[in-house]
1. Give me P(r) over the stretch 201-360, computed from all C-alpha to C-alpha distances, binned every 10 Å, as integer percentages.
2. How many nm is it between the label spots at Trp45 and Met111, if each spot is 7 Å from the Cα in line with the beta carbon?
3. List the GluC sites (Glu not before Pro) within the stretch 266-360 that fall in a DSSP loop (any state other than H, G, I, E or B) and whose Cβ has at most 15 other Cβ atoms within 10 Å.
4. P(r) of the chain in 20 Å steps, Cα pairs, percent per bin?
5. At 0.36 nm per residue, minus the direct Cα-Cα distance, what do Ala287 and Arg152 gain on full extension? Give it in nm, one decimal, please.
6. Between Val212 and Ile303, what is the spin-label point distance in nm, taking each point 7 Å from the Cα along the Cα→C-beta axis?
7. What distance in nm lies between label points placed 7 Å from Cα along the C-beta direction at Arg25 and Ala91?
8. Tell me which aspartates and glutamates have Cα within less than 15 Å of Lys114's Cα, excluding those fewer than 8 residues away on the same chain?
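What follows is calculated from the coordinates using simple rules that are stated; it is not laboratory data. Remember, predicted model here, so these are calculated numbers, not experimental data. All Cβ positions, glycine included, derive from the backbone under ideal geometry; neighbour counts span all protein chains shown.
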Amino acid sequence: MTDHRTSAIWLTAAQCAKRTGLTVRALRIYEAAGLLSPRRTEKNWRLYGAQDLARLTEILTLKRLGLTLEQISRLLTGQATDLERVLSVQASALQEQMARVQQSLTLIDSMQTKMASGEILSTDDLLALAKDQSMTDTTCETIAWRRYEQMRPRTERAIDRRFYADYTGHYQLDTVVFTIRHHDGRLFSRVTGQVELELFAEEVDRFFYRAVPAQISFIRNAEGLVTALTLHQGGHEETAERVETGAAASLEERLAERVREKRPIENSRLLLEELVRQYERGEPDYARMAPPLAAIAREQAEIIQGELQRLGSIQEISFRTVTDDGWDVYDVSFEHGRQEWSVSLAGDGRFNGILFRRAP
């Protein structure tokens, strides 16, 4: 039925259930949980409009990601519907599934080709196949849900500022250090080579940034002492262990020295060249990337490969500089253009950051 005063389409409960593939009972349950607030007619009939359908989309997306109704209720109560965020989460999950399906098909096609030519599959081939078959889409859905949760609006809450002294210190995450300090009733966080940002309390031991969609939670041991922090960002969670001031200072100094001397990480040029050639072949090795980067790389694989196809074959790679936060920057010349590639390597030699842009 149509509300001529607003030119909006309104659906009865039965119509809404039929068009969405749900039941009227499910709509009632969502309403009882405080997730839906349908309009009521004079005869007390429920009417569902555009905002209700948008919220329903949000609820169903989160249910698909494995959340319980209680969890969804805690997350969405008091929050405006954000369809752009919902669609972004759905697109992210589907793109990763597509990338993994394509990777599996490529693996199977390679093995079929070997067998057709009379070759015997090696142990490594069979191990790769077994590993591929053991993987499910749980990981990508978990990442999508975390990303959704991390991007939601946060509300600052007042906590006892005396807790801030518990958090102050240094926490090492691979090759960088989080330095936490408090001053004048405020808490600040700085990552090696980056600017300092203020943290805002969501509850005791849980804080969020306003400058970026990320949060930090502090971890206590059985005695109540803060021994680590967890960074929640980009759908991932990474834990940094507390370290002494001397260890943090040593790491900072090593980076500062490398920046001053403009000294790239050993083998970063060769690793970058191999990475570019992998993308040219359409076979990026995600195992050589840290998990957060691999997830993003899978989502953007088609874009990266399309750009490299446009540029043609690689011609030359020349080192330019080291950024203040430790990224090695290279000029990469291709057959039909030039780009600037910046890479960051984790302590185990895997890429944990890759950026490229048109060369300045």
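1. 9, 31, 32, 19, 8, 1, 0
2. Taking the simple label geometry, Trp45 and Met111 are separated by 5.8 nm.
3. Values: sites: Glu266, Glu273, Glu274, Glu280, Glu299, Glu302, Glu307, Glu316, Glu335, Glu340; in loops: Glu266, Glu335.
Taking the stretch 266-360 and a limit of 15 other Cβ atoms within 10 Å, the loop GluC sites (Glu not before Pro) found are Glu266, Glu335.
4. For the chain, the pair-distance distribution reads 22, 47, 28, 3.
5. Numbers: separation 135, 0.36 × 135 = 48.60 nm, distance 3.00 nm.
Value of the extension gain: 45.6 nm.
6. Each label point is offset 7 Å from its Cα along the Cβ direction, giving 1.7 nm.
7. Here the answer is 3.7 nm between the modelled labels.
8. Of all the aspartates and glutamates, those that pass the test against Lys114 - Cα under 15 Å, at least 8 places apart if same chain - are Asp124, Asp125.
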